[in-house]
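Chemist: I'd like to ask you about the structure that follows.
Every read-out reported here was derived from the displayed coordinates using simple, explicitly stated rules and does not represent laboratory data. Quick caveat, the model's predicted, so the values are computed rather than measured. Glycine gets a Cβ as well: all are built from the backbone with ideal geometry, and neighbour counts include every protein chain shown.
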């Protein structure tokens, strides 16, 4: 217990936890729009394109100055986004091809620059490699203020341009037909994503930042059907993943914060895909099973009603063999039991025969008639 208290009262742990929560909330909020616009790979491309900016910021500043490094990362990220737009609009290449080209080229340039900087030597250059996978312990109080400020700016833009961003995310063609500046709005949304990526470089790193951007939104998409709910849930999942990852890595020796945060967010995605109401794999499997059961029960009722009409007796007692012939196979006992519990059929005796017989109740006749009308064209 004392170890836990010492952990929670540590200044470094508090800074890392708060920074991870802020970053997760920002990335989750903005990632929701990237997922809805089917631009998940855009975040990956921008994250990898930030690496050459990190190196350029270091070379220009001549030291490991975080402000210069983040400014350089934002510049190359924005340049990468511009290059993707130019490729897709001036050539016949599709978006996925443009993303692949920009990602690989910018990341290759970044690796070359990183190798060059590290070859020059110096204690400051040795820490640039941490931007590949992040170094949460290096977060300073000033970084938290920067994250909070950018987070507040992003939230203000989302709330102020909510209607425009919502329409562009779901139906950009309609927005364009209404005369809205779709290109400008999309560019603003891309810049906001780039800002989130730049903020996450120190905590999560270039390689894993896209996961923190996309995973909370992908999980939130399974739990809600409204944009507002998705953005809120995505931000909450991102913040919880960041906070949980920071605490787990702080309490376990040798675990880096960034990968743990991503693993927690990925676990939330997996759970959401499996059990989310209405959309989860388990829910869909259960719904499919129920649908098959309803279809099977409707066939039994239709067969019994057909036999009753053929014999001119609404209370005609149907024997199992008759149902087997009418259905092309023996009805499942569980299905007959379910119909009995619902009060649609009831077991009857049919002397002198001793085999099981059933007859439709009034409710069973009504249900069979409704099912038949539902199948009618």
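Chemist: Quickly rank 318-327, 211-220 as a protection proxy: mean count of other C-beta atoms within 10 Å, highest first.
Modeler: Working: 318-327: 15.7, 211-220: 28.3.
Answer by packing, highest mean first, reads 211-220, 318-327.
Chemist: In whole Å and largest first, what semi-axes does the C-alpha gyration tensor of segment 283-375 yield when each eigenvalue is scaled by 5 and square-rooted?
Modeler: Details: eigenvalues 101, 45, 28 Å².
Calculated on Cα positions only, the semi-axes equal 22, 15, 12 Å.
Chemist: Let me have the 222 nm mean residue ellipticity of the chain computed from DSSP H runs of 4+ only, each contributing -39500 (n - 2.57), with the sum over all residues rounded to the nearest 500. Walk me through the numbers on the way to the answer.
Modeler: Values: 18 runs with 287 residues, N = 377.
Mean residue ellipticity, 222 nm, calculated: -25000 deg cm²/dmol.
Chemist: Turning to a different aspect of this structure: So how tilted is helix 141-160 from the main axis of the chain? Cα-based, degrees 0 to 90, rounded to 10.
Modeler: Helix 141-160 sits at roughly 50 degrees to that axis.
Chemist: Helix 66-90: angle to the longest alpha-carbon principal axis of the chain, degrees 0 to 90, nearest 10?
Modeler: 60
Chemist: Could you give log10 I(q)/I(0) at q = 0.12, 0.27, 0.28 Å⁻¹ for segment 56-118, computed by the Debye formula over C-alpha point scatterers of equal weight, without solvent?
Modeler: Relative scattering, expressed as log10 I(q)/I(0), comes to -0.37, -1.09, -1.13.
Chemist: Given the C-alpha centroids of segment 34-91 and segment 198-233, what is the distance between them in whole angstrom?
Modeler: Here the answer is 18 Å between Cα centres.
Chemist: May I pose another question? When each pair of different Cα atoms in segment 19-73 is counted once in the 1/r mean, what is the Kirkwood radius in angstroms, to one decimal?
Modeler: Hydrodynamic radius (Kirkwood, Cα only) of segment 19-73 equals 12.5 Å.
Chemist: Beyond 33 Å, how much of the Cα-Cα pair distribution for segment 2-255 remains, as a whole percent?
Modeler: On the way: 6204 of 32131 pairs.
Above the 33 Å cut-off, segment 2-255 has 19 percent of its Cα pairs.
Chemist: Please list the radius of gyration and Dmax for segment 175-238, considering alpha-carbon atoms only, with Å as the unit.
Modeler: Spelled out, the Cα radius of gyration and Dmax of segment 175-238 are 14.1, 41 Å.
Chemist: Once Rh is set to the Kirkwood radius over Cα pairs, what Stokes-Einstein translational diffusion coefficient, in µm²/s, holds for segment 223-377 at a temperature of 10 °C and a viscosity of 1.306 mPa s?
Modeler: 80
Chemist: Cα axis of helix 182-200 to longest principal axis of the chain: angle in degrees, 0 to 90, nearest 10?
Modeler: Roughly 70 degrees between the two axes.
Chemist: Go through 265-271, 173-179 and give me the packing order, highest mean Cβ count within 10 Å leading.
Modeler: Working: 265-271: 18.1, 173-179: 11.7.
Per-residue mean Cβ counts within 10 Å order the peptides as 265-271, 173-179.
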